[in-house]
Amino acid sequence: MDVSSTGRTAYRTCPLCEAACGLELTVDGDRIAAARGDREHVFSHGFVCPKGATFGQLTADPDRLRRPLIRRGDRHEEAGWDEAFRAVEAGLRPVLERHGPDAVAVYVGNPNVHTMAGGLYVTPFLRALGSRGVFSASTVDQMPKHVSCGYLYGSPLAIPVPDVDRTDLLLILGANPWESNGSLATAADFPGRLRALQARGGRFIVVDPRRTRTAEHADEHVFIRPGTDAYLLFGIVHTLFDENLTDLGALAGHVTGVDEVRDLALAFPPDEVSGVCGVPADRIRGLARELAAAPTAAVYGRIGTCTVEFGTLTSWLVDVVSILTGNLDRAGGVMFPLAAHLRAQARPGGKGFRTGRWHSRVRGLPEVKGELPVAALAEELEAHVRAFVTVAGNPALSTPNSGRLDRALGGLDFMVSVDPYLNETTRHADVILPPLDAARKGHYDFSFLGLAVRNFAAYSPPVLAPDPAGMDECDILARLHLIVTGKGADTDPAVLHDGMLDEALQRAAATTGRPATDLRALVDGDHPAERLLDVALRTGAYGDGFGTRPGGLSLSRLLASPHGIDLGPLQPRIPEVLRTPSGKVELCAPPLAADVPRLRAALHRRNPELVLIGRRHLRSNNSWMHNVPALVKGRDRCTLQLNPADAARLALADGDPAEVTSRAGAVSVRVEVTDRVMPGVVSLPHGWGHDLPGVRLTVATDHPGVNSNILTDELVVDPLSGNAVLNGIPVEVRQGLNDAMSHSR
Ligand SMILES: Nc1nc2c(c(=O)[nH]1)N[C@H]1C(S)=C(S)[C@@H](COP(=O)(O)OP(=O)(O)OC[C@H]3O[C@@H](n4cnc5c(=O)[nH]c(N)nc54)[C@H](O)[C@@H]3O)O[C@H]1N2
Ligand SMILES: Nc1nc2c(c(=O)[nH]1)N[C@H]1C(S)=C(S)[C@@H](COP(=O)(O)OP(=O)(O)OC[C@H]3O[C@@H](n4cnc5c(=O)[nH]c(N)nc54)[C@H](O)[C@@H]3O)O[C@H]1N2
Ligand code: SF4
Ligand SMILES: [Mo]
């Protein structure tokens, strides 16, 4: 039967990665019969990837939980919502009352940045809880970028993105947008945009220890030894000064600290850094000259520049090169987006950025952006945490030395997870609270519209009616909030929704000069999240100002524009965007400069013979989409890639089992011999290892793979950001057993 001829069509932003593509959905009764790219979408123009195309299968996954689960003995059993919230209250309240908020830790995972509930309700919940034990996926991901931008621009959220649609030269370090579809740069159809760059005569260069699909399409691929990009970038900075190639252009007068950076770069001449990073000195000088000479150029770094030993220095240097070549804040360079729910500041300047307002108890690691490094989660749980809350996270697979974390999760007094799956993490939970699936909730990208390479806005209302027996994620988080503040498990979540709307209206009243009660009468929306969005849009950068700017944005305008509203190419925002105390770009903040000697000291140390890096595959999404049959069919993707030279030395052939050991643990996995990885580097993807007792993932457990984070080491972090080091892990590889297995120390 051709369902597309009978179904209705609906449009929705894909919530599965940062690209924010528009989907065209065919709806047949209460199910999504098909998902394809929305050709009329203002930003994605019909692009869709294999993950987005499975939106229907994913949301209708039979293993997806639709009712809460409560653990009784070793089994999880379905329960009613009221019963589940009372169990949460009975588990959390005594811990809070007897031991205080720090005895409750929280882990907030990646999908929170892809839901409205995550964007609106998590921060108020954390504030209400008041615990210093807040952890998130940010410290296995992008925290170094927040920290470097915090120091450079005064706000950790002021992250410039490459203007891929207009640049002449793009230098990509440690990112593989052909598979990941981009990150900290929302650019639907990133591959198409890179092809367009080449078609208009521009070039892009990829620096990566693996010849990725992005590298294959690039004009040039430069192999680099993992963890050493800071040396390469400092070599480029050195050359820019040495050959008088710096030119701040329009930034002149808006930047401090240039001379200090020049002095720091003196210690990193290309001839000296070349040996450690494996890039010829001439090529380092060449890159500097090309970046300086290009009419416009952009430098873009991602996972491979963040989840490394010198993550913050590397992330900083990525921007330093753009700044010194005059490419920050100009068309074709790297620019600051302006999202529709936010406003530009009237004047530059602010309080600036700092870290370390408190420290983790065991290792004394500094707080950053209100959270502690997830690399310290296991030891904190072991030492003093009694209760644990996860929201959209799977740290048992995604964080370093997850074997130790897994054991720590087994020793808690109480754990509650807001999550649609009974998986590697939530199997430890006493209560699991599953939110409605994405087809039944509205969507607006609070995180990614502020990172988009072109300004646009889109809102998608729910596509399917709510499951009467299910619960919306905003309601779940509101009820948890009411529990931790002592208002009771039975309190109507509307109490919190109304309170949050009132607060938003108070702020709106302050900016519009009109009484909150007048504004309240104007607010639109059928759902608490829609009403909060309406207030933010109307008082945002392009808003209708509650009627003072006719034609401006509002919820109703977005509802009337199912393919999104284009807000034009990125515009210069310096100095307004700067929140540093000086109101300038502070190029050489003291904490960054103070970390440079550590980099310099490691310049001549001996390299391990083999280091481990990760990899991403187009059909995967971190740890949680391996239960969709269409995404796991075909040959095993969880293999250890090994260069032929290393394979010969280790007497390993393609398909052989190998044992991989590190300081943290060991796994057994099949070898894939390929010259895609450079000698001395092995690559294993993360997010696998589903064959654990108690998980309810029928498809994923048939394709379990092994968990690469058994090998990553929680004891090594980037000190400025606390970010975990997930690339460049020293490992040993030897011929292995036939059965897949893993253990951690
Ligand atoms: N070795 C290594 N490790 C890595 C990485 C790496 O490159 N190498 N990458 C890191 C990165 S970048 C990231 S972002 C992290 C991700 O780390 P996590 O965020 O911990 O893990 P995810 O795999 O994204 O798991 C998301 C969880 O959210 C649940 N979920 C899905 N949708 C929803 C929803 O709508 N609501 C709720 N409440 N829950 C939902 C899923 O069932 C799953 O349990 O992994 C990191 N780990
Ligand atoms: N298909 C798919 N898409 C995804 C995800 C997914 O799991 N699967 N996850 C999403 C998430 S949460 C994120 S954060 C993004 C990540 O987006 P990307 O950063 O684009 O994704 P990765 O594939 O991890 O790319 C990192 C690259 O860095 C390289 N690398 C490793 N170490 C080094 C190093 O020291 N130096 C350099 N120069 N390169 C290095 C790796 O070989 C790899 O090619 O992807 C998102 N999109
Ligand atoms: S690229 Fe990302 S946003 Fe686009 S369809 Fe794929 S998963 Fe969805
Ligand atoms: Mo991520």
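The values are calculated or read from the model by the stated rules, or taken from the named source; none is laboratory data. Predicted model, so just to flag it, every value in this text is computed and none were measured. Glycine also receives a Cβ, built like all others from the backbone with ideal geometry; neighbour counts cover every protein chain displayed. Side chains included, ligands, DNA and RNA excluded: accessible areas come from the protein's heavy atoms. Shrake-Rupley method; radii C 1.70, N 1.55, O 1.52, S 1.80 Å.
Close Cβ contacts (under 6 Å, 6 or more residues apart or on different chains) running from residues in segment 169-180 that are over 17 Å from Thr314 (Cα atoms) and touching a residue at least 40 places away in the same chain (Cβ under 8 Å) to residues that are assigned to a strand (DSSP E or B) and open to solvent by 10 Å² or more (accessible area, probe 1.4 Å) comprise Leu169/Arg203. Summed over segment 86-113, residues that are touching a Pro at 6+ places or on another chain (Cβ under 8 Å) and either farther than 22 Å from Leu377 by Cβ or hydroxyl-bearing (Ser, Thr, Tyr) (or both) total 1. Pairs meeting the criteria (first residue in segment 561-586 and at positive phi and part of a loop (DSSP other than H, G, I, E, B), second residue β-branched (Val, Ile, Thr) and surrounded by fewer than 19 Cβ atoms within 10 Å (Cβ to Cβ), beta carbons under 9 Å, at least 6 apart or on different chains) are Gly564/Val42. Can you name every residue in segment 706-738 that is within 13 Å of ligand 2 (Cβ to nearest atom) and part of a loop (DSSP other than H, G, I, E, B)? Across segment 706-738, the qualifying residues are Thr712, Val725, Leu726, Asn727, Gly728. Kindly evaluate Phe135 against the criterion of being open to solvent by less than 30 Å² (accessible area, probe 1.4 Å), hydrophobic (A, V, I, L, M, F, W, C) and within 16 Å of ligand 4 (Cβ to nearest atom). Judged against the criteria, Phe135 is a match. Only one entry in Leu23, Leu69 is surrounded by 21 or more Cβ atoms within 10 Å (Cβ to Cβ), within 16 Å of ligand 1 (Cβ to nearest atom) and either without any contact (Cβ under 8 Å) to a residue 40 or more places away in the chain or of a type outside the set (A, V, I, L, M) (or both), namely Leu23.
What number of residues in segment 657-693 are assigned to a loop (DSSP other than H, G, I, E, B) and open to solvent by less than 50 Å² (accessible area, probe 1.4 Å)?
Here the count works out to 12.
Would you mind finding the one in Glu367, Glu382 that is in contact with a helix residue (DSSP H, G or I) (Cβ under 7 Å, 6 or more places away or on another chain) and of a type in the set (Asp, Glu)? After ruling out the rest, the residue left standing is Glu382. At least 3 residues being of a type outside the set (A, V, I, L, M) and in contact with an Asp or Glu (Cβ under 7 Å, 6 or more places away or on another chain) is the threshold, and among the helices (runs of 4 or more DSSP H) wholly inside segment 272-363 those reaching it are 303-306, 311-324.
So, in segment 599-644, of the ones that are within 30 Å of Gln57 (Cα to Cα), of a type outside the set (Val, Ile, Thr) and part of a helix (DSSP H, G or I), which residue ends up nearest to ligand 1 (Cβ to nearest atom)?
Taking segment 599-644 as the starting set, the residues that turn out to be within 30 Å of Gln57 (Cα to Cα) are 614-640.
From what's left, of a type outside the set (Val, Ile, Thr): 614-627, 629-631, 633-638, 640.
In the following step, the residues that additionally are part of a helix (DSSP H, G or I) were identified as 629-631.
Working: Pro629: 17, Ala630: 17, Leu631: 13 Å.
Out of the qualifying residues, it is Leu631.
Please pick out the residue among Arg606, Arg649 that is farther than 13 Å from Pro679 by Cα and either surrounded by fewer than 20 Cβ atoms within 10 Å (Cβ to Cβ) or more than 29 Å from the chain's Cα centre (by Cα) (or both).
Residue meeting the stated conditions: Arg606.
Out of the residues in segment 17-54 that are more than 14 Å from ligand 3 (Cβ to nearest atom) and small (Gly, Ala, Ser), state the one that is nearest to Phe448 (Cα to Cα). Filtering first and then ranking leaves Ala33. If you check Ala630 against the conditions, is it over 30 Å from Ala53 (Cβ atoms) and not β-branched (Val, Ile, Thr)? No, not satisfied.
Within segment 138-151, take every residue that is away from ligand 4 (no atom under 14 Å from the Cβ) and farther than 25 Å from Gly568 by Cβ and give me the one that is nearest to the chain's Cα centre (by Cα).
My answer is Val147.
Among the residues of segment 463-502, just one is touching a residue at least 40 places away in the same chain (Cβ under 8 Å), in a loop (DSSP other than H, G, I, E, B) and touching a His at 6+ places or on another chain (Cβ under 9 Å), namely Asp472. Exactly one residue out of Pro572, Pro466, Pro550, Pro515 is under 19 Å from Tyr121 (Cβ atoms) and surrounded by fewer than 19 Cβ atoms within 10 Å (Cβ to Cβ): that is Pro466.
Say whether the condition of being in contact with a helix residue (DSSP H, G or I) (Cβ under 7 Å, 6 or more places away or on another chain) and either charged (D, E, K, R) or under 24 Å from Asn455 (Cα atoms) (or both) is met by at least one residue in segment 200-208. Within segment 200-208, one or more residues are in contact with a helix residue (DSSP H, G or I) (Cβ under 7 Å, 6 or more places away or on another chain) and either charged (D, E, K, R) or under 24 Å from Asn455 (Cα atoms) (or both).
Results for (1) of a type in the set (Ser, Thr, Tyr); (2) open to solvent by 20 Å² or more (accessible area, probe 1.4 Å); (3) under 30 Å from Gly525 (Cα atoms); (4) within 13 Å of ligand 4 (Cβ to nearest atom), shown as yes or no for each residue.
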| position | (1), (2), (3), (4) |
| --- | --- |
| Ala103 | no, no, no, no |
| Ala117 | no, no, yes, no |
| Tyr121 | yes, no, yes, no |
| Ala128 | no, yes, yes, no |
| Pro156 | no, yes, no, no |
| Val164 | no, no, no, no |
| Asp168 | no, yes, no, no |
| Ala187 | no, no, yes, no |
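The numbered conditions (1) surrounded by fewer than 17 Cβ atoms within 10 Å (Cβ to Cβ); (2) touching a residue at least 40 places away in the same chain (Cβ under 8 Å); (3) assigned to a strand (DSSP E or B) are all true for His76 except (1). When the residues of segment 26-55 are filtered to those that are within 16 Å of ligand 1 (Cβ to nearest atom) and open to solvent by less than 10 Å² (accessible area, probe 1.4 Å), the one that is nearest to Arg619 (Cα to Cα) is Lys51. For segment 396-429, the set of residues classified as under 22 Å from His481 (Cα atoms) and out of contact with any helix residue (DSSP H, G or I) (no Cβ under 6 Å at 6 or more places or on another chain) consists of Leu412, Asp413, Pro420, Tyr421, Thr426, Ala429, listed by residue number.
Residue by residue, here is whether (1) under 30 Å from Ala387 (Cα atoms); (2) among the basic types (Lys, Arg); (3) open to solvent by less than 20 Å² (accessible area, probe 1.4 Å); (4) in contact with a Ser or Thr (Cβ under 9 Å, 6 or more places away or on another chain) holds:
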{"site": "Leu477", "(1), (2), (3), (4)": "yes, no, yes, no"}
{"site": "Thr485", "(1), (2), (3), (4)": "yes, no, no, no"}
{"site": "Arg507", "(1), (2), (3), (4)": "no, yes, no, yes"}
{"site": "Ala510", "(1), (2), (3), (4)": "no, no, no, no"}
{"site": "Arg520", "(1), (2), (3), (4)": "no, yes, no, no"}
{"site": "Ala541", "(1), (2), (3), (4)": "no, no, no, no"}
{"site": "Gly545", "(1), (2), (3), (4)": "no, no, yes, yes"}
{"site": "Pro562", "(1), (2), (3), (4)": "no, no, no, yes"}
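Criterion first (within 16 Å of ligand 4 (Cβ to nearest atom), in a loop (DSSP other than H, G, I, E, B) and either buried (at least 18 other Cβ atoms within 10 Å of the Cβ) or touching a residue at least 12 places away in the same chain (Cβ under 8 Å) (or both)) does Leu16 satisfy it?
Considered against the rule, which asks whether it is within 16 Å of ligand 4 (Cβ to nearest atom), in a loop (DSSP other than H, G, I, E, B) and either buried (at least 18 other Cβ atoms within 10 Å of the Cβ) or touching a residue at least 12 places away in the same chain (Cβ under 8 Å) (or both), Leu16 comes out as yes.
Screening Glu503, Glu473 for residues that are open to solvent by 50 Å² or more (accessible area, probe 1.4 Å), closer than 23 Å to Leu558 by Cβ and not β-branched (Val, Ile, Thr) leaves exactly one candidate, Glu503.
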